[in-house]
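The values are calculated or read from the model by the stated rules, or taken from the named source; none is laboratory data. Quantities reported herein were computed from a predicted structural model and do not represent experimental measurements. Please note: Cβ atoms are built from the backbone with ideal geometry, for glycine as well, and neighbour counts cover all protein chains shown. These accessible areas exclude ligands, DNA and RNA; they are computed on the full protein's heavy atoms, side chains included. Shrake-Rupley method; radii C 1.70, N 1.55, O 1.52, S 1.80 Å.
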Amino acid sequence: MHLLRADDAELPPALLSAYADAEALVMEVDMDDLDPMAAARFTQQYALFTGDAGLRTTLGEALWMRASAAGDRLGIPLQALDRLEPWAVALLLSVTELTQTGLDPQFGVEEQLKRRAGRDGKPITGLETIEYQLGLFDALDMAAQARFLDLSLRAAADVQSELATLTRAWREGRVAELERVLLQEYATFPELYEALIYRRNRAWIPRLRALTEGSVDTLVVVGAMHLIGERGVIALLRGAGLDPQPLRLH
């Protein structure tokens, strides 16, 4: 969980146990060496329309009106939205929606473990860079970006009702419930799942398998979306000949 509420931020005992046993951590990105301006620089270079093009003319009036209504509700100026490509608007609206419900990356799993690792002297490395992650969105063609924005706007309408269910399912390790909540967003847009999730999952498998062959006890921390489903990391590790098992404390 990349974001959690302050009143629901306590990490599950199984995760704390795994952290205590670990000598090193691997995350999606190297959190303890993350450049705080990297995302802003990437957005400035790649996410802005040039010339006469803009979000409104690219999306068409119907989708533009929905995006601008969401921006207005969240306090984001319309002129700021019009200069951004659809993928950047989708991320901006989604993150703003989540943070305004009380979710905060400072209470998310990565940030909490980063702080613990800093105190305990445990090194963190990353599977990817933030520029690579944002580049996946930027590589989508405009039609796919518009569909991603549409998907994000529709998901925002369900965020309040699904949030408690999602957090509870993650905390209790109820995989079937996580799959129902998370994967339904991609059911009508499999190309997006391929580009943003599955391709990355596949790329991680050789790195993760190599960790099992080393002598350092390593805790790997990635978003819940990557772990579930037939094309999730757990299923792919099994396909690679490994036998991952859930960690439970009794």
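Only helices (runs of 4 or more DSSP H) whose full extent lies in region 163-250 are considered here, and the ones with at least 3 residues that are open to solvent by 90 Å² or more (accessible area, probe 1.4 Å) are 199-212. Of the candidates Asp72, Asp82, Asp150, the single residue that is surrounded by fewer than 18 Cβ atoms within 10 Å (Cβ to Cβ) and charged (D, E, K, R) is Asp72. All of (1) farther than 25 Å from Gln145 by Cα; (2) outside any helix (DSSP H, G or I); (3) over 16 Å from the mean Cα position of the chain (by Cα) hold for Leu113 with one exception: (2). Considering Asp52, Asp30, Asp72, the condition of being out of contact with any Phe, Trp or Tyr (no Cβ under 9 Å at 6 or more places or on another chain) and closer than 30 Å to Asp217 by Cα is satisfied by Asp30 alone. Number of residues in region 49-63 that are closer than 12 Å to Leu81 by Cβ and either part of a loop (DSSP other than H, G, I, E, B) or open to solvent by 60 Å² or more (accessible area, probe 1.4 Å) (or both) equals 3. Could you identify the single residue in Ala80, Ala39, Ala67 that is within 30 Å of Leu208 (Cβ to Cβ) and not in a loop (DSSP other than H, G, I, E, B)? None of the other options fit; the residue is Ala39. All of Ala224, Ala169, Ala187 fail the test of being within 19 Å of the chain's Cα centre (by Cα) and in contact (Cβ under 8 Å) with a residue 40 or more places away in the chain, apart from Ala224.
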